Amino acid sequence: MRGLMFFGLLSFLAGVLLAPKKGSELRTQMRESWDLFKYSTEEKGKEVWQAIVPAAEQVKEEGNNLKSEGKALLKDAGEYLDKAVGNGKQTLEESQGRVSEKFAPVVSIIKEDVQELGEGATGALNKVTEKFDELKKKGVSAIGENRFLNL
């Protein structure tokens, strides 16, 4: 189609430049050539349109079919996923129940041990703080005595 338009335009220009006719004759011929060119392009456009419309309808129909199939597949996948999640939740709850039953005594012992360790750590920290305070007092006292001796 582009080649036809290009060739028509090129022929038109060559005719204008090389024509040995009067201006009025040349204009009449140019008008007739333009009308012929315009008519042939319109006809080609109609032919192309008539070829495209059925193909576009077919593509549209196939697209609608694919859309319907996709919706059905998505619905099936959603139902399958919901069922799988439900089964997974049920299995997890059952497993948690069995684990809780088996490890409940161990967990209570660990809690008691942690509490005892926390109490012991608090007591040890208090003792360290007391000792530190005592050493600090002795250090301040020793520094004060050394100042007087060095003077």
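Condition check: more than 47 Å from the chain's Cα centre (by Cα) and among the acidic types (D, E). Does E32 satisfy that? Against the criterion (more than 47 Å from the chain's Cα centre (by Cα) and among the acidic types (D, E)), E32 qualifies. Every listed requirement among (1) modelled with pLDDT under 80; (2) surrounded by fewer than 10 Cβ atoms within 10 Å (Cβ to Cβ) is met by V16 save one, (2).
Restricting the first member to segment 1-12 and to residues that are over 16 Å from E43 (Cβ atoms), and the second to residues that are surrounded by 10 or more Cβ atoms within 10 Å (Cβ to Cβ) and of a type outside the set (F, W, Y), the beta-carbon pairs closer than 7 Å and six or more apart or on different chains are F12/S33. Any residue at all in segment 76-96 that is of a type in the set (K, R), at pLDDT 85 or above, surrounded by 10 or more Cβ atoms within 10 Å (Cβ to Cβ) and touching a helix residue (DSSP H, G or I) at 6+ places or on another chain (Cβ under 9 Å)? Looking through segment 76-96, none of the residues is of a type in the set (K, R), at pLDDT 85 or above, surrounded by 10 or more Cβ atoms within 10 Å (Cβ to Cβ) and touching a helix residue (DSSP H, G or I) at 6+ places or on another chain (Cβ under 9 Å).
The values are calculated or read from the model by the stated rules, or taken from the named source; none is laboratory data. What you see is a predicted model, and the numbers here were worked out from it, not measured in a lab. Ideal geometry is used to build each Cβ from the backbone, glycine not excepted, and the neighbour counts take in all protein chains shown.
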